[in-house]
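The structure appears below as structure tokens.
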């Protein structure tokens with residue numbers, strides 16, 4: 001028997017579910033970020049429908065200021081303290 005073999009199996013048994021959870025969550029977060037980038041691209045295209053160059057630039061500045069992290073925070077459920 002290989003020394004440490006039992007230990008390695010125990011670590012693998014413990015790590016495998018954790019690793020699987022991490023790997024399964026990656027595609028979901030990537031998909032959300034890809035959706036957000038697609039949303040920004042649609043908004044950029046919408047900006048070009050404005051007539052005034054000033055409106056176009058303001059719109060584009062707003063779209064470019066949007067960050068995925070901010071979007072993600074805005075989507076998190078709000079917790080309210082309904083204590084006495």
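Derivation of every value follows stated rules applied to the coordinates shown; laboratory data play no part. The structure presented is a predicted model; accordingly, all values stated were derived computationally and were not measured.
Please give the length that would be gained between residue 71 and residue 46 if that part of the chain were fully extended, namely 0.36 nm times their separation in residues minus their C-alpha to C-alpha distance (nm, one decimal).
Working: separation 25, 0.36 × 25 = 9.00 nm, distance 1.90 nm.
Between residue 71 and residue 46, full extension yields 7.1 nm more.
Rounded to whole Å and ordered largest first, report the semi-axes of the equivalent ellipsoid of the range 23-72 derived from its Cα gyration tensor (root of 5λ).
Output for the range 23-72: semi-axes of 28, 10, 4 Å.
What is the gain in length, in nm to one decimal, between residue 36 and residue 53 on full extension, counting 0.36 nm per residue of separation less the C-alpha to C-alpha distance?
3.6 nm
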